[in-house]
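Here is the structure we will look at.
The values are calculated or read from the model by the stated rules, or taken from the named source; none is laboratory data. Small disclaimer: the values here were computed from a predicted structure and weren't measured. Virtual Cβ from ideal backbone geometry, glycine too; neighbours counted across all protein chains shown. Please note that ligands, DNA and RNA were not included when accessible areas were found on the heavy atoms of the full protein model with its side chains. Shrake-Rupley method; radii C 1.70, N 1.55, O 1.52, S 1.80 Å.
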Protein chains: 2
Amino acid sequence: MIFSKALAAIVAEFEKLPGIGPKSAQRLALHFLRRPEEEVRRFAETLVEARSKIRFCRQCQAFSESDLCMICADPSRNPAQICVVADVRDVSALERLNEYKGLYHVLHGLLSPMDGVGPGDLKIRELMARLEGGAVEEVILATSPTVEGDATALYLAQVLKPLGIRTTRLAQGIAVGAELDYADQATLLSAFQYRREM
Amino acid sequence: MIFSKALAAIVAEFEKLPGIGPKSAQRLALHFLRRPEEEVRRFAETLVEARSKIRFCRQCQAFSESDLCMICADPSRNPAQICVVADVRDVSALERLNEYKGLYHVLHGLLSPMDGVGPGDLKIRELMARLEGGAVEEVILATSPTVEGDATALYLAQVLKPLGIRTTRLAQGIAVGAELDYADQATLLSAFQYRREM
């Protein structure tokens, strides 16, 4: 971008964002230049305001505007169940189901020795603290069935075992509506191993 | 996103951006929440500052921080050649070649009757004004070889004809390094029709 230093500066800022390559960064930068100045200012203010308002929920570690997030503060949720997820996006995905009525715990990552992420880098200590009272009856390990997700679930299952709390994991198998002969081998193997009685 | 109104507000802002769907908007919003407050503020300021500095170049209609853009203001560029493009991104692409030494003219769009974009919506009047002095010897129509790009080039060629200025169009054909039998029919037909002497 040879037009201006200011333009080059915002392209560089957009390139730093996750999932935004050089082409997208350029497209976003040009988009903002085409919008009215007032609209760009409003966008910037919304962003800064949101960042200044939001913190971690003291209990589940999800994002929240107050000390406790909306889910943790909801008295109709069942405090005896904790669903452990890697990321706040997973909370959104599960909440959309309108099925689960317990609480959550966000790890903010997954174990990944290759990337230098160990148990100390995740919100595991905070999870253990929540289990101390003895009121929790089930911990649902809802990490993705990936190498890191499986490793994290396995690690947590071992750590939780001495506490005698029921520990479950989301089912793995063929996606609903998918064709059996298009499923990859690992998925098919999981589906076979975890087959259930009818 | 059930965590907070402030979060929902920035997700909604990101979803308005071009090429950003609900998933990417969520990812971007969460990215900013994870960054230090000071960094988010700096990002917002860079954006607002760039927008307030940048305007259209009086001559070529590209983005510029001053009255004339860096290319139009460069005395080493040849003012007898004007390369007409749809978008400022095309100027960047052509400048990277380090081949063309003339000036540009940015139309800011392409003719598209289906979307209600007619000649009056493009910077065609500004182009015609630049040709009035009689100093321009060649107009290179560098719109993409798409339906809209071809239609715009054809329209401009007709408008320019009475002026007696040499009007050229970028070559269409098989991409360099591409296999002939993988080229689509339209490209192969173009390559055949516009074959040149060796």
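No other residue among A:ALA129, A:ALA135 is out of contact with any helix residue (DSSP H, G or I) (no Cβ under 9 Å at 6 or more places or on another chain) and in a loop (DSSP other than H, G, I, E, B) apart from A:ALA135. Among the residues that make up segment B:78-100, is at least one of them part of a helix (DSSP H, G or I), more than 15 Å from the chain's Cα centre (by Cα) and in the same structural domain as B:PRO145 (by TED's automatic domain parsing)? The answer is yes, given that some residue of segment B:78-100 is part of a helix (DSSP H, G or I), more than 15 Å from the chain's Cα centre (by Cα) and in the same structural domain as B:PRO145 (by TED's automatic domain parsing).
When you check B:SER112 against the structure, is it of a type in the set (S, T, N, Q) and surrounded by 21 or more Cβ atoms within 10 Å (Cβ to Cβ), yes or no? Let's see the steps before the verdict.
Values: of a type in the set (S, T, N, Q): yes; surrounded by 21 or more Cβ atoms within 10 Å (Cβ to Cβ): no.
No; evaluated as a whole, the condition is false for this residue.
Do the conditions hold for A:GLU138, that is, is it more than 19 Å from the chain's Cα centre (by Cα) and within 18 Å of A:VAL91 (Cα to Cα)? In short, yes. Being small (Gly, Ala, Ser), part of a helix (DSSP H, G or I) and under 27 Å from A:ASP184 (Cα atoms) is a condition met by at least one residue of segment A:140-152. The set of residues from segment A:125-171 being in contact (Cβ under 8 Å) with a residue 60 or more places away in the chain and of a type in the set (Val, Ile, Thr) comprises just one member, A:THR152.
Residues of segment A:113-126 being under 15 Å from A:VAL85 (Cα atoms) and either in contact with a helix residue (DSSP H, G or I) (Cβ under 6 Å, 6 or more places away or on another chain) or not aliphatic (A, V, I, L, M) (or both), which ones? Talk me through it step by step, then tell me what you get.
Within segment A:113-126, the subset under 15 Å from A:VAL85 (Cα atoms) is A:119, A:121-126.
Residues satisfying the conditions are A:PRO119, A:ASP121, A:LYS123, A:ARG125, A:GLU126.
Quick check on this structure: which one of B:GLU49, B:GLU38 is open to solvent by 70 Å² or more (accessible area, probe 1.4 Å), within 29 Å of the chain's Cα centre (by Cα) and not basic (Lys, Arg)? Talk me through it step by step, then tell me what you get.
Details: B:GLU38 fails: within 29 Å of the chain's Cα centre (by Cα).
Result of the check over B:GLU49, B:GLU38: B:GLU49.
The test for being surrounded by 17 or more Cβ atoms within 10 Å (Cβ to Cβ), more than 19 Å from the chain's Cα centre (by Cα) and closer than 24 Å to A:ARG77 by Cβ does not hold for A:THR152.
Selection over segment B:1-60 of residues that are part of a helix (DSSP H, G or I) and within 8 Å of chain A (Cβ to nearest Cβ) gives a count of 29.
Across segment B:61-92, the qualifying residues are those that are more than 8 Å from chain A (Cβ to nearest Cβ) and among the hydroxyl-bearing types (Ser, Thr, Tyr), and the one among them that is surrounded by the fewest Cβ atoms within 10 Å (Cβ to Cβ) is B:SER76. Pairs meeting the criteria (first residue in segment B:183-198 and open to solvent by 80 Å² or more (accessible area, probe 1.4 Å), second residue of a type outside the set (Lys, Arg) and part of a loop (DSSP other than H, G, I, E, B), beta carbons under 7 Å, at least 6 apart or on different chains) are B:TYR194/B:ALA171; B:TYR194/B:GLN172; B:TYR194/B:GLY173.
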